[in-house]
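Below is one structure, written out as structure tokens; the observations come after it.
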Amino acid sequence: MELSELCKRYFLYFCRKLYKTMNVESIKEIIEKQPNLSTALGMEFISTPEEDTCKAIMQVDERNRQPFGFLSGGASLALAENLAGVGSSALCPGKICVGISVSGEHVKAVAEGDTVTATAHLVSRGRKLHVWDVHINDSLGDLISTVHVTNYIISPKHKDDEPLTAED
């Protein structure tokens, strides 16, 4: 391979890396089509300029709090798992991405009325497994929870092997 061809390939590779984003809009359309845990708990997913990062916000209210008025640890884990699933789905259009391992630590309570922001960073992207680290922060930026999520990527059999879309 000539040096000029090699330089061109590297240039195209870095341009693709530079301008890729984590666009979750098509996944949000699928989520919003029917009732599910994400909508029941009040999760809102956000596209980011980084291709290996996605975000979500969730208001702490009667849908996701403990009887004592604090964000439920289970709701935090659900937020992290759903966010990682949205991220994997955005990276693998037409695939089904399911959580197979979720583990987390809660380090601070969040009172009803506050809003939490979850940021998921892709740690490993394999053909069948994605590993995410998710940090959940309160409105002051204080760390609330750290969660580690592993997703399994499935190729669905659907309508003559066509991938799933928002219209399905």
For an R0 of 45 angstrom, estimate the FRET efficiency from the Cβ-Cβ distance between residue 112 and residue 155 and round to the nearest 0.05. 0.65
Residue 145's amide H: which non-local residues (gap 5+, or another chain) put their own amide H closer than 5 Å, with H modeled 1.01 Å from N in plane and none for Pro or chain starts? 107, 136
State, to one decimal in nm, how far the label point of residue 135 lies from the label point of residue 29, with both points 7 Å from Cα in the Cβ direction. 3.3 nm
Of the heavy-atom accessible surface of segment 59-122 (probe 1.4 angstrom), what whole percent is carbon and sulfur? 54 percent
Segment 50-126, accessible area per residue, ligands and nucleic acids excluded (1.4 Å, Å²): 45 Å²
Below 25 Å Cα-Cα, how many Lys pairs turn up in segment 29-146? Only count pairs eight or more apart in sequence, or on different chains, if you could. 6
Cβ-Cβ cut-off under 13 Å around residue 138, Lys and Arg +1, Asp and Glu -1: the net charge is -2
Phi-derived 3J(HN,Hα) across segment 30-38 with the Karplus relation (6.51, -1.76, 1.60, θ = phi - 60°), rounded Hz, x for Gly and Pro, is 5, 4, 6, 6, 8, x, 6, 4, 4
Excluding residue 56 itself, calculate the net charge of residues whose Cβ lies under 12 Å from the Cβ of residue 56, where each Lys or Arg counts +1 and each Asp or Glu counts -1. 0
FRET efficiency for residue 39 and residue 127, Cβ-Cβ distance as r, R0 = 25 Å, nearest 0.05? 0.25
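The values are calculated or read from the model by the stated rules, or taken from the named source; none is laboratory data. This one's a predicted model, so the numbers in the text were calculated from it and none came from an experiment. Positions of Cβ are backbone-derived with ideal geometry, glycine not excepted, and every protein chain shown enters the neighbour counts. To get the accessible areas, we keep the full protein, side chains included, count just its heavy atoms, and leave off ligands, DNA and RNA. Shrake-Rupley method; radii C 1.70, N 1.55, O 1.52, S 1.80 Å.
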